[in-house]
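What follows is a single structure, written as structure tokens, with notes after it.
The values are calculated or read from the model by the stated rules, or taken from the named source; none is laboratory data. Computed from a prediction, not measured in an experiment: that's the story for all the values here. Methodologically, a virtual Cβ is constructed for each residue, glycine included, from the backbone with ideal geometry; neighbour enumeration extends over all protein chains shown. SASA here: full protein model, heavy atoms, side chains in, ligands and nucleic acids out. Shrake-Rupley method; radii C 1.70, N 1.55, O 1.52, S 1.80 Å.
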Amino acid sequence: MSDTNEGAWETPRTPDELHAWLREEIGLIVPRGPLIATHDAPFDYLVHAFFETPGVRDCVVWANRGGGKTFLGAVATMLDLVFKPGIEVRILGGSMDQSRRMHAHLRRLFDPRTSEGLAAMVRGRMGEKRLTLTNGSEVELLAQSHTSVRGTRVQKLRCDEVDLFHPDVWEAAQLVTRSKDCGGVLVRGSVECLSTMHRPFGVMH
């Protein structure tokens, strides 16, 4: 990771530094240990999403209803936008309402009542479907349609409630990412899947 970003903070270089930044800047303490030994902790997802380590960057987050998947997806998006200048992220939910839930979490993270430093990075007004920062990073919501998905060329596609996706839209989503240097950080194109399992042998399966 680069030493600094265009905001006021030094870029976290280790999981400990990332955990501390979240606690100090937005008052968020993310569990670092799983409830069940064979599972992963919520913080493990943020570590994977944030640190651009070599290898496969796609990931699957399978968890229960109410387990915080959508909120953690918003936190991961906030970290990408802040510390990887110029990154482009898209949020694709099983429905537009689901996409809006993640965007609502994201807007609260950039609210001055949460963090004045984050709020100061917002360029213009936060829209209902789009958020742009002064460092050139941006996130936008996508609709569940071929036209919306296929017209995208971004670094990260975060898919929320994948089990509610139309299979053909899910197939189209596999081809929309590309790698890019974002402020000295090589961000490899990746697709993230966050979902419960709603249907036996559905898309999440």
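Expressed as a rounded percentage, what relative contact order does the range 61-205 have, with Cα pairs under 8 Å and six or more residues apart?
Details: 287 pairs, mean separation 42.1, N = 145.
After rounding, I find 29 percent.
Any idea how far the Cα center of the range 106-174 sits from the one of the range 25-59, in Å?
20
Determine the per residue accessible area of the chain with all protein chains present and a 1.4 angstrom probe, expressed in square angstrom.
Per-residue value: 48 Å².
Please tell me the relative contact order of the range 1-76 in percent, rounded to the nearest whole number, where contacts are Cα pairs under 8 Å and at least six residues apart. All intermediate terms of the calculation are to be shown ahead of the outcome.
Details: 48 pairs, mean separation 13.9, N = 76.
Worked out over the range 1-76, it gives 18 percent.
When the chain is modelled as a GNM with alpha-carbon springs shorter than 10 Å, which of L79, L35, L141 fluctuates the most?
L35
I need the trypsin sites (Lys or Arg not before Pro) found in the range 55-88, filtered to DSSP loop residues with at most 12 other beta carbons within 10 Å of theirs.
Answer in residue order: R65.
For the range 108-205, what does the alpha-carbon gyration tensor say about shape, rounded, prolate or oblate, given a ≥ b ≥ c as the root eigenvalues, a/c under 1.5 as rounded, and a/b over b/c as prolate?
Note, shape of the range 108-205 comes out prolate.
Using the 2.2 N^0.38 Å rule of thumb for compact globular proteins, work out how the chain stacks up: its C-alpha Rg over that value, please.
After normalising by residue count via 2.2 N^0.38 Å, the value is 0.96.
Leaving ligands and nucleic acids out of the surface, order I87, I36 by accessible area at 1.4 Å, largest first.
From most accessible down to least: I36, I87.
Which of the lysines could be linked to K84 by a straight reach, that is with a Cα gap under 18 Å, when you skip same-chain ones fewer than 8 residues away?
Qualifying lysines at Cα under 18 Å: K156, K180.
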